[in-house]
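Throughout, read-outs are computed from the coordinates displayed, never taken from laboratory work. Please read all numbers here as calculations on a predicted model, not as lab measurements. Here Cβ is always computed from backbone atoms with ideal geometry, including for glycine, and neighbour counts include all displayed protein chains.
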Amino acid sequence: MIKLSNVSKVFTLHNQGGTVLEVMRCANLFVPAGECVALTGVSGAGKSTLMRIIYGNYVAAAGEVLVGDTDVTQAEPREILQLRRETLGYVSQFLRVVPRVPTLEVVAEPLLSLGVDEQKAKARAAELLGRLNIPEALWGLSPTTFSGGEQQRVNIARGFAHNFPALLLDEPTASLDATNREVVLTLIEEAKARGTAIVGIFHDEAARERVCDREIDVTGFSPQVAA
Amino acid sequence: MTPLLSVKDVAKYYGPHIGCTDVSFDLYPGEVMGIVGESGSGKSTLLNCLAGHLPADRGEVFFDTRVDGPRDTLKMREPERRLLGRTDWAFVHQHARDGLRMGVSAGGNVGERLMAVGARNYGDIRANAQDWLGRVEIDASRIDDRPTTFSGGMQQRLQIARNLVTGPRLVFMDEPTGGLDVSVQARLLDLLRGLVRDLGLSAIIVTHDLAVVRLLADRLMVMKSGHVVESGLTDQVLDDPQHAYTQLLVSSVLQV
Amino acid sequence: MTDYNFAYLDEQTKRMIRRAILKGLAIPGYQVPFASREMPMPYGWGTGGVQVSAATLTPDDTFKVIDQGADDTTNAVSIRQFFEKTADVETTTETSEATVIQTRHRIPEEPLSEDQILVYQVPIPEPLRFLEPRETETRKMHALEEYGLMHVKLYEDISRHGHIATAYAYPVKVEGRYVMDPSPIPKFDNPKMEMAAIQLFGAGREQRIYALPPYTKVVSLDFEDHPFDPSKAPHPCGLCGAEHSYLDEVITDDQGGRMFVCSDTDYCEKRRAAGHVGTLTQEAAA
């Protein structure tokens, strides 16, 4: 489902004397459907960078990034957007939403943009918010005012609203209590059972042990090691 | 898929000065494209050339018309282009008073485009205007009030209703949230996002506000001194800018 | 005869005005610019109409002038005297006798014939003016037949008053093409504009001439659910008892007394001469 071949990444800082930072070289990764792969490595090793390259958020300097049949490095913006709508989900650590939009709509939005009927989309959103223990009283409020943990759960609900065939998870269990952590891990297991290919970053080792089939240490993709 | 708008090598000069040059892109149905850049970068010039408000000096702008398929709007006769401007195109000005008739009631403002394309039933026109006021969250009781009695945010929403009432497929927006305070901006952005999604609109939004494009635009074009220096997916351009100018632009935004 | 050239204006000026009139007749409802001259009367007193009349009159014509339907008001009397003096033409107050009738704000009640010409005095020829102040833009709107704005005005009327409150200078569409200001005639007169006579419109200050050839189709703008209604005061004339003429309201005392009488004085006089009586004349007789 997700296949990276010889991917490298370079940052050129034009406004800082044209400094060229090569942060990744010859990264290879293959995640078939139904498998969950954890990215490991010390902070700054390039875990998030790799996730962002897969998502099309960062531009790869070389190589091929296949998600389904789409090569993210070559695709037109609209193709990437279509991929993100239909195929590739991303749960980041931070919630980024339009202020003022009620939580229920924030969670339902991925479904609405797929053209799912509003009733159905909201029912699905309500189900997820319920499972993630967001009090119903908050559903009509904008999540921008919520606590960090609540925002994280809203973000997860949004990421799982649509059953994406491929999913990127950035620290999905961070800042969650034991009950909600359990809910999220169950959601991940359900997704895997449906055949979702998952790439994740988990600092929570127990969680990693439980849901991940393999670990990839991204330190291996750093240019110093490769050189 | 046929692009809704296909722009090829458009250029506009002000005497020896470059307004904008070498601009080419395709906009597909349902896509929202942002054009960002500092004042004087040529983004408004480009928008006005595309919308037919300024004559371009070079290039082609193909619009996929309902009847005849793609036609070069720069070569169209003026009546045809103005008809497009009343039907399939909409233009939202930065200052609502440039896009509204300040001496005409809110209902009349919304109804004008309907009457311009031949609506002659008062009851229908009024019902339609009322519906649109509702969609842009203006209380129906204000239908007979003039926009001079409206707040800035309401005026802007009225301008949007007035533009969208004839079901355009392409909306040009020039700094639609400029000059509004942040809470009003947020409401307007939310409204625009909903309308774009529900109506399947394509839009080109000129702004210098990167937060606006992050929330509204699928794609981004960065302009500097009349040239397009970078373009791509909005979050990619903002999070991993490749060009020196874009890097400067992105790093210049104050973090809140 | 006087020392004036015939009808005051010099021959070249009259030719220029006639060319504008012919162009106007060729494109009914289109406003033709012309080089309006200074006339020995102030703007607003009918300088446009006077120039058109001057270019239209021949020594054989019989001339009539009405102001709000009356032959005996200052404006009508001065213009009639002006042409008596400068053109030495016959003048009359009888509608059927006249070959050229200059009018301010009315169309005579008596139907006009093919050998008559009606000349209107026009203050503001541009019907779109109050909605779109830019002349460059209104000319473009006429050229491209973009008349949605005209209905916005009627829409505003209905939204504010519940009906189309425009009672005079009610906009019309000519031969399905140009939207035209009929000059400030009451909307009661609008249906009469489809007539046998030639109608010429002159706006002196605004330097525009426009025209309607005989039997031109003239449609008053309206909405399907608010159709055009050429209404008038619901009274008969107090003097001649006419039921279907346009009436002036005349205040008779400071006790609220009032009467309604025909605005067309010639029409009213003729009816009375023929023996028609109104309620007021009956009372006076009693």
Formal net charge of residues neighbouring residue C:171 (Cβ-Cβ distance under 12 Å; K, R +1; D, E -1): 0
Given all pairs of different Cα atoms, what value in angstroms does the Kirkwood hydrodynamic radius of chain B take? 18.8 Å
Taking 22 Å as R0, compute the FRET efficiency from the Cβ-Cβ separation of residue C:139 and residue C:177 and round it to 0.05. 0.90
Output field shielding_mean for C:146-154 (other chain Cβ, 10 Å radius) holds 6
Any idea what the alpha-carbon Rg over 2.2 N^0.38 Å comes to for segment C:84-214? 1.16
Calculate, in nm to one decimal, what residue B:77 and residue B:148 gain on full extension: separation in residues at 0.36 nm each, minus their alpha carbon distance. 22.1 nm
C-alpha center-to-center spacing [segment C:1-48, segment A:1-50] in angstrom: 84 Å
So for segment A:37-119, what are the equivalent ellipsoid semi-axes in whole Å, largest first, each being the square root of 5 times an eigenvalue of the Cα gyration tensor? 26, 18, 11
Hydrodynamic radius by Kirkwood for chain A, inverse mean 1/r across distinct Cα pairs, in Å, is 18.2 Å
Note: segment C:167-224 at 20 °C, 1.002 mPa s; Kirkwood Rh on alpha carbon pairs; Stokes-Einstein D in µm²/s works out to 182 µm²/s
How many angstrom separate the Cα center of segment B:138-175 from the Cα center of segment B:187-256? 23 Å
Note, residue C:261: beta-carbon cut-off 15 Å, +1 each Lys/Arg, -1 each Asp/Glu, net -4
Limiting things to C-alpha atoms, what are the Rg and the maximum Cα-Cα separation (Dmax) for segment B:65-126, in angstroms? 13.9, 38
Quick one: the Cα spread of segment B:196-243 along its three principal axes, in angstroms, biggest first? 34, 22, 16
Suppose each label sits 7 Å from its Cα in the direction of the beta carbon; what would the residue A:205-residue A:15 distance come out to in nanometres? 4.1 nm
Rg and Dmax [Cα atoms of the protein assembly as shown; Å; Rg one decimal, Dmax integer]: 36.7, 126
Just tell me which lysines come within less than 17 Å, Cα to Cα, of residue C:14; anything on the same chain fewer than 8 places away is out. C:23
Taking 51 Å as R0, compute the FRET efficiency from the Cβ-Cβ separation of residue C:224 and residue B:183 and round it to 0.05. 0.75
Counting Lys +1, Arg +1, Asp -1, Glu -1, what net charge surrounds residue C:148 among other residues with beta carbon under 14 Å of its beta carbon? +3
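Which entries of C:153/C:192; B:75/B:224; C:64/C:85; C:153/C:217 have Cα-Cα distances beyond 25 Å here?
Cα-Cα > 25 Å for B:75/B:224; rest within.
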Solution diffusion estimate, µm²/s, Stokes-Einstein, segment C:8-118, Kirkwood Rh from C-alpha pairs, 20 °C, viscosity 1.002 mPa s: 149 µm²/s
Point-to-point label distance, residue A:177-residue C:284, nm (Cα→Cβ direction, 7 Å offset): 9.9 nm
How many angstrom lie between the C-alpha centres of segment A:57-77 and segment A:116-157? 31 Å
D (µm²/s, integer) via Stokes-Einstein for segment C:85-160, Kirkwood Rh across alpha-carbon pairs, 25 °C, 0.890 mPa s: value 154 µm²/s
What FRET efficiency comes out for residue A:82 versus residue C:235 if R0 is 60 angstrom and r is the Cβ-Cβ distance? Round to the nearest 0.05. 0.25
